[in-house]
């Protein structure tokens, strides 16, 4: 079986004074692909990500691609303040398009 290598459209991302490299992935070694969000703190907005799991028994054996932070604003009603407010939400368009393309290659 030949290797099926895939490369992220984003080579690297600067995050928290560091550089996160998106590695080349061999789809033959992947058992599961998951959409995710990579955040340093749980309450942080974070970055859209795709996780590639290599072992079905060990959830910590994975590689991650991260994507630039793109946000949109969404209006919501705050019951405590009794008024409308606006919050930032992640826009997952780029991650979702790349995820869909991966799933098509992963099937084949």
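No value in this document is a laboratory result; all are computed from the given coordinates. Note that the structure is predicted; figures quoted are calculated from it, not measured. FYI the Cβ positions are ideal-geometry reconstructions off the backbone, even for glycines, and counts take in every protein chain you see.
Couple of notes before you dig in:
- Compared with the alpha-carbon gap, the fully stretched path from residue 97 to residue 33 is longer by 21.7 nm at 0.36 nm per residue.
- Summarising the label geometry, the points placed 7 Å from Cα in the beta-carbon direction at residue 5 and residue 40 lie 3.2 nm from one another.
- Given (i) 1.42; (ii) 1.21; (iii) 1.29, the label whose value is Cα Rg over 2.2 N^0.38 Å derived from this model: (iii)
- Principal-axis analysis of the Cα atoms of the chain puts helix 93-107 at an angle of about 30° to the longest axis.
- With the helix formula -39500 (n - 2.57) applied to DSSP H stretches of n ≥ 4, the chain reaches a computed 222 nm mean residue ellipticity of -4500 deg cm²/dmol.
- Stretchable slack from residue 59 to residue 73, in nm (0.36 nm times residue separation minus alpha-carbon distance): 1.7 nm
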